[in-house]
Amino acid sequence: MTRVWILPMLFVLGGSAAATGLIFRGSPGAAAALLLVFVLLAGVNSPLMFPRSIGALEAQRRSAVDGRPVVYWRPGCTYCLRLRIRLGRSASQLHWVDIWRDPDGAAAVRAVNDGNETVPTVVVGNQSHTNPDPEWVREQLSSSA
């Protein structure tokens, strides 16, 4: 559970160190701006950016009932972040599974990606799609409604 916070914490610590150096050089404004950038990077790469993850088995059960896609993701994945940002508010309608928190989710991803934990992997019905175009995911979501 703690490894999902490693990258965001590294951003905060690195930004703090760089900002401290700038303060000692007499540039408090630049230090504040740099620290803000690093804090924003930490926020974007944290699990807080994504809707609350559920277990793979629960996501599959819910998807069978409502027909909405299941998205397997992990923190720090730039492709997952791109998908999440481009989906906007509609991202909360999908079932998100963090493969670092759920071993069943990681196993499901490995099963459809030749043993690799390649994310984002989106499952619609019984079809899996690795790193799909966000517009395609949005179409699948609207067709399931």
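Once R0 is set to 30 Å, what does the formula 1/(1 + (r/R0)^6) return for the Cβ-Cβ distance between A64 and W5, expressed as a FRET efficiency to the nearest 0.05? Mind showing how you got there, number by number?
On the way: r = 32 Å, r/R0 = 1.07.
Once rounded, the FRET efficiency stands at 0.40.
In the range 50-144, with Lys and Arg counted as +1 and Asp and Glu as -1 at Cβ, which of these residues, V119, G76, N131, has the Cα nearest the positive end of the dipole, that is, farthest along it? Positive-most Cα among the choices belongs to G76.
Per residue of the chain, what 222 nm ellipticity follows from adding -39500 (n - 2.57) for every DSSP H run with n ≥ 4, rounded to the nearest 500? Please list the in-between numbers first.
Numbers: 6 runs with 78 residues, N = 145.
Only helices count here, giving -17000 deg cm²/dmol.
What the pair-distance distribution of the chain shows, using all Cα-Cα distances binned every 10 Å from zero, is 12, 37, 27, 14, 8, 2 percent. Against the chain, whose longest principal axis comes from its Cα atoms, helix 103-112 is set at around 70 degrees.
What shape does the range 2-48 have by the C-alpha gyration tensor, where a ≥ b ≥ c are the square roots of the eigenvalues, rounded means a/c under 1.5, and otherwise prolate means a/b greater than b/c and oblate the rest? List each step's numbers first, then the result.
Values: a/c = 5.66, a/b = 2.30, b/c = 2.47.
Judged from the Cα gyration tensor, the range 2-48 comes out oblate (a/c at least 1.5, b/c at or above a/b).
Taking the number of Cβ atoms within 10 Å of each Cβ as an exposure proxy, the fewest-first ranking of W73, W136 is W136, W73.
Values quoted throughout were computed directly from the atomic coordinates according to the rules given, and no laboratory measurement underlies them. Quantities reported herein were computed from a predicted structural model and do not represent experimental measurements. No Cβ is skipped: glycine too gets one built from the backbone with ideal geometry, and neighbour counts run over all protein chains shown.
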